[in-house]
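The values are calculated or read from the model by the stated rules, or taken from the named source; none is laboratory data. Here the structure is a predicted model, which is why all the values come from computation and not from measurement. Using ideal geometry, Cβ is built from the backbone for each residue, glycine included, and neighbour counts are taken over all protein chains shown. Areas reflect the complete protein model, heavy atoms only, side chains present, ligands, DNA and RNA absent. Shrake-Rupley method; radii C 1.70, N 1.55, O 1.52, S 1.80 Å.
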Amino acid sequence: MVVGAGLIGSRHVKAVQDHPDCTLAGIVDPVHVDEVAVPIFKNIADVNVPVDGVIIATPTGLHAEHGEQAAKRGWHMLIEKPVTATLEEAATLSATAKAHNVRCLVGHHRRYHPSIDVLRNAIQSGKIGAPITSTLIWAMRKHDGYFDTDWRRVGGSPVMINLVHDIDLLRFMFGDVTDIAALGSDAQRKGGRIESGGAILRFNSGLCATISFADTAPSPWGFEAGTSENPNIATTSQDMWWITGTTGGISFPSLTLWGGAKDWSEPAQSITLVADTTTPLMAQLTHFTQVIAGTAQPIIDVDDAAKTLKVTRDLEDILALQIAPKI
């Protein structure tokens, strides 16, 4: 069952239909759904067909409500990111799922990229020494029609919608965040909504990560453009993430590994690491079928995703204060 058939929900619908081990039981969406040969329901309470697992792909503000409804029906769930809108909702959802013996996987699908596995293994195996800095760019221009939906126009900051992915990958690579600083702007659309800025995150290890972001800049630099993971975003294959360490560095998604220089008097040498290719949503769906069956544990559950949510929410709050009306 897929709940929510919007931009990401429609991609989940197709993934379920294409997956050899899945059968689409139906779709829950209160508005018109393009013709699909499965039952369509207006809300979760109306569902009257057998369901083993549900993919919740509704707007973030509805995740908690829909997740709790699914848990109470005993449906194991894959819930899109951010897991909920608030930490309090995440805690309640986690408790409800546990009370009903429901397994939850949160849709931070970038963890399923084979290239991310190669990058993480390179870092954890010491190929660049101890990591020191991380520099990441996400700069896309969203078309104006993207903001026709009320919730995007009011709360559609790229922090909660887009950077939550990058923050999750930073946590996946480097561990817990201890400090956050940031500056932001709404200078282009002037909608009272953060649309661009820069952030610095410091981690337990002492590593400092910077993120430069904008949803008003049609640049070639961003995870989706670099990896071609999203069919709605043009591919550029350009690097957008650079990590330095005590003995070298690595860039992503090219997986160009630099090393061999003891200091700035010597030129570093590069090699390119190789990763398999796969469709992350399909790999995530395969894992979800294993979670449903009880043969695998979620690689990111509600409690872990709540840590990513906290960092993202804290960053959003810091930035929102900077464009709030001055009294």
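For the chain, what is the calculated [θ] at 222 nm in deg cm²/dmol (nearest 500), taking -39500 (n - 2.57) for each run of four or more DSSP H residues and dividing by its residue count? Could the numbers behind the result be given before it?
Numbers: 9 runs with 104 residues, N = 327.
Calculated from helices alone, the mean residue ellipticity at 222 nm is -10000 deg cm²/dmol.
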Task: Cα gyration tensor of segment 1-60 - equivalent ellipsoid semi-axes, whole Å, descending - done: 15, 14, 11
TODO: With no solvent and one equal point scatterer per Cα, compute the Debye intensity ratio I(q)/I(0) for the chain at 0.14, 0.15 Å⁻¹ and report its log10, rounded to two decimals.
DONE: -1.17, -1.32
Task: Ratio Rg/Rh [Cα only; Rh per Kirkwood] for segment 251-315 - done: 1.20
Task: R0 of 41 Å, Cβ-Cβ distance GLN188-THR92: FRET efficiency to nearest 0.05 - done: 0.65
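Roll a 1.4 angstrom probe over the protein heavy atoms and tell me the percent of accessible area of the chain that is carbon or sulfur. List each step's numbers first, then the result.
Working: 8230 of 15140 Å².
Ligands and nucleic acids excluded, carbon and sulfur reach 54 percent.
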- [ ] Determine which residues of segment 105-149 fall in the zone a paramagnetic label at THR236 would reach in this model, i.e. backbone nitrogen under 19 Å from the point 7 Å along Cα→Cβ.
- [x] 135-144
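Keeping every protein chain present and rolling a 1.4 Å probe, give me the accessible area per residue for the chain in Å². Walk me through the intermediate numbers first.
On the way: 15140 Å² over 327 residues.
That works out to 46 Å² for each residue.
To one decimal place, what orientation-averaged projected area in nm² is obtained for the convex hull of the Cα set of segment 1-126?
On the way: hull surface 36.6 nm².
For segment 1-126, the mean projected area of the Cα convex hull comes to 9.1 nm².
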Task: Cα-Cα pairs of segment 84-123 separated by more than 12 Å (percent) - done: 69 percent
- [ ] Quick one: angle between helix 280-293 and the longest Cα principal axis of the chain, in degrees between 0 and 90, rounded to 10, please.
- [x] 50 degrees
Task: Label zone at ALA181 (point 7 Å along Cα-to-Cβ), backbone N below 18 Å, segment 189-215 - done: 197-213
TODO: Rounded to the nearest 10 degrees, what's the angle between the helix 63-72 long axis and the longest principal axis of the chain, both from Cα atoms, 0 to 90?
DONE: 50 degrees
Task: Pair-distance profile P(r), taking every C-alpha pair of segment 182-327, with 5 angstrom steps and integer % - done: 2, 7, 10, 13, 16, 18, 15, 10, 6, 2, 1, 0
Task: Distance from segment 248-289 to segment 168-210 (C-alpha centre basis), Å - done: 22 Å
Open item on the list: Would you report the distance distribution of C-alpha pairs in segment 219-274 as whole percents per 5 angstrom bin, up to the bin with the largest distance?
Closed with: 4, 21, 21, 18, 14, 10, 7, 3, 1
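For segment 81-226, what does the alpha-carbon gyration tensor say about shape, rounded, prolate or oblate, given a ≥ b ≥ c as the root eigenvalues, a/c under 1.5 as rounded, and a/b over b/c as prolate? Mind showing how you got there, number by number?
Values: a/c = 1.72, a/b = 1.10, b/c = 1.56.
Judged from the Cα gyration tensor, segment 81-226 comes out oblate (a/c at least 1.5, b/c at or above a/b).
Using the Cα gyration tensor of segment 55-99, with a ≥ b ≥ c the square roots of its eigenvalues, what is the shape: rounded (a/c below 1.5), prolate (a/b larger than b/c) or oblate (neither)?
Working: a/c = 1.95, a/b = 1.18, b/c = 1.65.
The shape class here is oblate.
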Open item on the list: From Cα pairs below 8 angstrom and at least 6 apart in sequence, can you work out the relative contact order of the chain, rounded to a whole percent?
Closed with: 19 percent
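For every other residue with a beta carbon closer than 14 angstrom to the beta carbon of LEU183, add +1 if it is Lys or Arg and -1 if Asp or Glu, then tell me the sum.
Details: positive: none; negative: ASP186, GLU195, GLU316, ASP317.
Once positives and negatives cancel, what remains is -4.
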